[in-house]
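Down below is the structure, laid out as structure tokens.
The values are calculated or read from the model by the stated rules, or taken from the named source; none is laboratory data. Since this is a predicted model, take the numbers as computed values, not measurements. Neighbour counts run over all protein chains shown; Cβ positions are idealised from the backbone, glycine included.
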């Protein structure tokens, strides 16, 4: 599992924090201290790792059985194993089946295609619009090709104005992309695993990853875009990408011999930014 898939998968796990604490794998639960699984509301949790160049999605059904496993010595590993990564993206790259390209094609100001469905023949395309959610006062960090030319496709990188889409800003494009991605997940991917009636009556929660270096304004812009894409504010949680990666690493304690108090480095090398974070592991006791 590569880092971007891990991020989307772990974002699902992070959403369980409202239901239970993460136990110390070496600790056993005191008799009579087990929470009643019947009291845990069953939810379908969808995690979206919205990336600069590629995006990933994973989901998990937080039923009572999962809660019971996590509350015992089997630990959070059981929760990790319950996460399913989506791999049925339209026209996906065979080298990256778990990812959908973060790109849009427009016609008449409306989305025409997205992800792998965008073709070279499409006249108006937009990509790297995620970077526009974080305001910049200059273009010194603007991506360029080998000839030093901008690859953004925007006239003014600080304002992210697309020459062919003057009425579309980064929030608009992000909302369009997340809307199409969410529609595919709900109407195509999940229908292969769950019945229509189940999905219609299921409580769905969403988790969305954002770069750790983003300002509160950029995070709020991401949330507004998600809301416009059809994700209710009360059903959305935001988690930073290094935080999600760190939680994933904590589920590998046995495999990589991580112990309470150990430190490890998270390096998130994404399509638009590279962020390194040093994390110290601390177990919670149940």
Residue within region 235-249 that is surrounded by 13 or more Cβ atoms within 10 Å (Cβ to Cβ), modelled with pLDDT of 90 or more and part of a helix (DSSP H, G or I) present: yes
Just need a number here: residues in region 194-231 that are at pLDDT 95 or above and part of a loop (DSSP other than H, G, I, E, B). 3
